[in-house]
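Data block below; observations after.
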Amino acid sequence: MNTLRTSVAVAVLLASGLAVAQTSGTAKQPAKPAAQSAAPAAKPSKGKLMTRDELRACMATNQDIEDQAGKLKTRQAEVLKERDDLKAMKEQSSKADGDLQAQQSALKTEIDATNAAGEELKANASKMEKAELKTKQDEFNARAAALQTKIDAFNTALRAAREDNAKAVDAYNSRVDAFQKHTDEYNEAVEDLADKRNEWKLKCGNRSYDENDEIAIKKENAAAGKK
């Protein structure tokens, strides 16, 4: 009787999740810009009126603050989108890794079953007629060959996945670095805007002004193409 040959063992699957090695903690989350400031100045019934130049400066600063707030809102949307894209990349990698591990597990089960069938065939070989044994051997060898084809295909896919994963990890980590930089810059801009608002409140908030001056300044701005 010829020695029965079973398929080779399936290759060990390495984890393919995208690990962000250079980040030790959770990336900073983008802060939300504070609500836009209200009118350029309140109008209490008493108190010294601002001069037209003072009011003009307060209105210009207020407009600048509102413009910056609008730009920050756009930047916030961009930062949040990048955060979501990175999350999706990691989830996709985890899914691909899980799919490979499921395939590996199924192959291991099939290998164990095939090996068990081979051992059973060897144990019962002496009890079989020559023709029956030949039939059983052919069936087993066909089963083993089919399994070997599956294993070869899996190992080829695994090698390709490892190569793709190495590139994906580098790309992912580079994007994480860029995301962290953009988030830090955005949060610094939010803090800077908050400081400007507080400064504006100290210089311009709750100060009286002449409505005629406000009207005149708005006409000046309109003529100059300003808001």
Quiz item: Quick one: length gained pulling His182 to Lys203 fully straight, 0.36 nm per residue minus the C-alpha distance?
Solution: 4.4 nm
Quiz item: How much length, in nm to one decimal, is gained on full extension between Lys134 and Lys122, taken as 0.36 nm per residue of separation minus their Cα-Cα distance?
Solution: 3.1 nm
Quiz item: How do Lys95, Lys71 rank when sorted from fewest to most other Cβ atoms within 10 Å of their own Cβ?
Solution: Lys95, Lys71
Practice problem: Could you tell me what fraction of 2.2 N^0.38 Å the Cα radius of gyration of segment 122-194 comes to, as a two-decimal ratio? | Solution: 2.60
Quiz item: Give me the Kirkwood hydrodynamic radius of segment 52-223 in Å, from all C-alpha pairs, to one decimal place?
Solution: 23.5
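Coordinate-derived values only; no laboratory data. Given the structure is predicted, the values throughout are model-derived calculations rather than measurements. When we count neighbours, we look across all protein chains shown, and the Cβ atoms used for this are built from the backbone with ideal geometry, even at glycine.
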